[in-house]
Amino acid sequence: MRYSAWNVFKEGLKEQRGWKPAWRSPDPQQSYDVIVIGGGGHGLATAYYLAKSFGITRVAVLEKGWIGGGNSGRNTTAIRSNYYYRASARMYEHSLKLYEGLSKELNYNVMFSQRGMISLAHSLHDLELVNRQMNAMRLNGVDAETLSPAEIGRRVPILDISPAARFPVLGGLIQKRAGTARHDAVVWGYARAADALGVDIIQNCEVTGFQRGPDGAVTGVETSRGRIASRKIGVAVAGHSSRLAEMAGFRLPITSYALQAFVSEPLKPVLDTVILSPATGVYMSQSDKGGLVIGGGLDLYPSYAQRGNMPVMSNVLGAVAAQYPSLGRVRLLRHWAGIVDVVPDSSPIIGASPVPGLFLDCAWGTGGFKAIPVGGTMLAHQLATLNPHPLAKPFSLDRFTTGALIDEAAGSGIAH
């Protein structure tokens with residue numbers, strides 16, 4: 001049923017008894033044209049675009065837990081395209097444009113709020129990087145403007161921009177089209193739309209191994225709910241990509257880390273943008289419910305633990321208190337950790353794996369949420385055509401043997 005004001009009114013006359021579940025819970029079939037492992041945003045978006053763009057509807061999304069229970073629900077929901085290299089900028093800008101029309105396309109409000117994102121400069125070196133990045137973004141066709149300390153002070157009055165500030169503010173960079181979206185709404189929107197096109201979303205179905213033919217190509221998967229056959233399999237499991245690769249018999253240049261985030265008690269509106277301090281690694285926005293959503297740097301040791309620890313919490317919240325003195329007595333409501341898959345050049349891996357028939361969408365590091373629409377688009381194109389999407393060609397796995405790396409850690413100064 002289409003979501004609309006008219007249908008809400010009509011169902012209200014019937015005590016809201018006519019709504020159907022947003023997606024089915026089918027048992028797995030014996031075989032599919034395509035299997036997508038991972039029921040997060042990337043996996044569900046891949047299934048949706050396979051059905052919508054290529055007419056491939058015999059698709060199963062296999063999720064070992066519940067959809068959106070992994071990294072899609074464990075991030076800070078920032079969406080931006082402020083990257084340095086042309087290949088990255090084209091890819092993330094395409095994702096941002098898809099987000100701009102996503103609620104209408106999915107008939108589901110993903111609550112995308114383009115409130116802008118400000119990156120602060122705390123030193124002359126930071127200012128040089130801000131100007132360099134603004135020039136690169138504009139050359140790549142991405143909106144970007146620099147801000148003076150006074151302009152930043154007007155936009156973010158809770159930020160300490162005084163001369164005596166612990167972290168002085170010398171300027172900043174803003175991308176006005178950046179923003180945030182509701183993480184579970186993005187997942188649920190893609191799930192509902194994919195299900196409506198015939199995709200089977202199978203939760204509580206853990207993949208435990210791969211079946212291979214005499215030629216080495218995949219022929220299916222072994223799962224906690226039995227064997228399922230398919231000659232095309234996509235893997236979109238974020239921080240657990242290296243584990244799936246190990247099952248399939250190859251290694252990825254990925255190290256998995258925990259990335260913590262925090263939410264405060266609800267406050268009156270105090271922050272109407274996303275703001276990042278490269279000096280402290282802290283970034284923050286305010287949710288529609290009033291909670292401050294706060295993120296920091298990685299836990300600098302490999303881990304699959306989806307929980308936080310006191311040293312990182314102390315560093316992040318200490319930086320918040322130093323930069324935003326009026327927030328010093330705000331209480332935390334909860335915090336969590338997502339597992340991110342980081343590679344040496346901090347750019348994603350999209351495309352073929354060393355195993356025929358098995359394709360990858362991984363290594364997004366801390367940037368997977370903003371890339372959900374484009375990640376699904378690119379993996380769906382690869383699975384449907386067996387050729388890489390034009391945006392995905394620079395991000396193939398073989399760049400780690402050819403040396404054609406796209407080092408966004410150095411280029412755009414991202415934290416991973």
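The values are calculated or read from the model by the stated rules, or taken from the named source; none is laboratory data. All values derive from a computational prediction rather than experimental measurement. Cβ sites come from the backbone with ideal geometry, for glycine too, and all protein chains shown count toward neighbours. In case anyone asks, the SASA skips ligands and DNA or RNA and just uses the protein heavy atoms, side chains included. Shrake-Rupley method; radii C 1.70, N 1.55, O 1.52, S 1.80 Å.
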Test: residue in region 288-307 that is open to solvent by less than 10 Å² (accessible area, probe 1.4 Å) and of a type in the set (Val, Ile, Thr): yes
Residue check, residue 88 in contact (Cβ under 8 Å) with a residue 40 or more places away in the chain and open to solvent by less than 10 Å² (accessible area, probe 1.4 Å): yes
All strands (runs of 3 or more DSSP E) inside region 153-219 with 1 or more residues being closer than 24 Å to residue 367 by Cα: 171-175
One residue from 270, 316 being of a type in the set (Val, Ile, Thr) and surrounded by fewer than 17 Cβ atoms within 10 Å (Cβ to Cβ): 270
Close pairs (7 angstrom Cβ cut-off, 6 or more residues apart or separate chains): free of Cβ contacts under 8 Å to residues at least 60 places away in the same chain in region 376-399, open to solvent by 10 Å² or more (accessible area, probe 1.4 Å) and hydroxyl-bearing (Ser, Thr, Tyr) anywhere: 388/396; 389/377
Cβ pairs under 9 Å, 6+ apart, first in region 157-186 and over 25 Å from residue 268 (Cβ atoms) and touching a residue at least 24 places away in the same chain (Cβ under 8 Å), second in a loop (DSSP other than H, G, I, E, B) and of a type in the set (Phe, Trp, Tyr): 186/108; 186/112
Residue check for residue 261: in contact (Cβ under 8 Å) with a residue 60 or more places away in the chain and under 30 Å from residue 358 (Cα atoms): no
Given (1) under 30 Å from residue 108 (Cα atoms); (2) of a type in the set (A, V, I, L, M); (3) out of contact with any helix residue (DSSP H, G or I) (no Cβ under 9 Å at 6 or more places or on another chain), number of the condition residue 194 does not satisfy: (3)
Filter result (more than 18 Å from residue 404 (Cα to Cα), in a loop (DSSP other than H, G, I, E, B) and not aliphatic (A, V, I, L, M)) within region 355-387: 356, 357, 365, 366, 367, 368, 387
Qualifying residue in region 43-52 (condition: at pLDDT 95 or above, under 25 Å from residue 273 (Cα atoms) and of a type in the set (Lys, Arg)): no
Set 341, 361: member being buried (at least 22 other Cβ atoms within 10 Å of the Cβ), under 20 Å from residue 218 (Cβ atoms), under 19 Å from the mean Cα position of the chain (by Cα) and of a type in the set (Asp, Glu): 361
Test for residue 58: is it charged (D, E, K, R), touching a Phe, Trp or Tyr at 6+ places or on another chain (Cβ under 6 Å) and more than 30 Å from residue 134 (Cα to Cα): yes
Among (1) in a loop (DSSP other than H, G, I, E, B); (2) crowded, with 19+ Cβ neighbours inside 10 Å; (3) not aliphatic (A, V, I, L, M), the one test that residue 21 misses: (2)
Matching residues in region 141-165 - criterion: being modelled with pLDDT under 95 and either basic (Lys, Arg) or crowded, with 16+ Cβ neighbours inside 10 Å (or both): none
Residue under evaluation residue 82, criteria (1) open to solvent by 20 Å² or more (accessible area, probe 1.4 Å); (2) more than 27 Å from residue 196 (Cα to Cα), criterion not met: (1)
Output for region 52-66, where each listed residue is of a type in the set (A, V, I, L, M) and open to solvent by 10 Å² or more (accessible area, probe 1.4 Å): 56
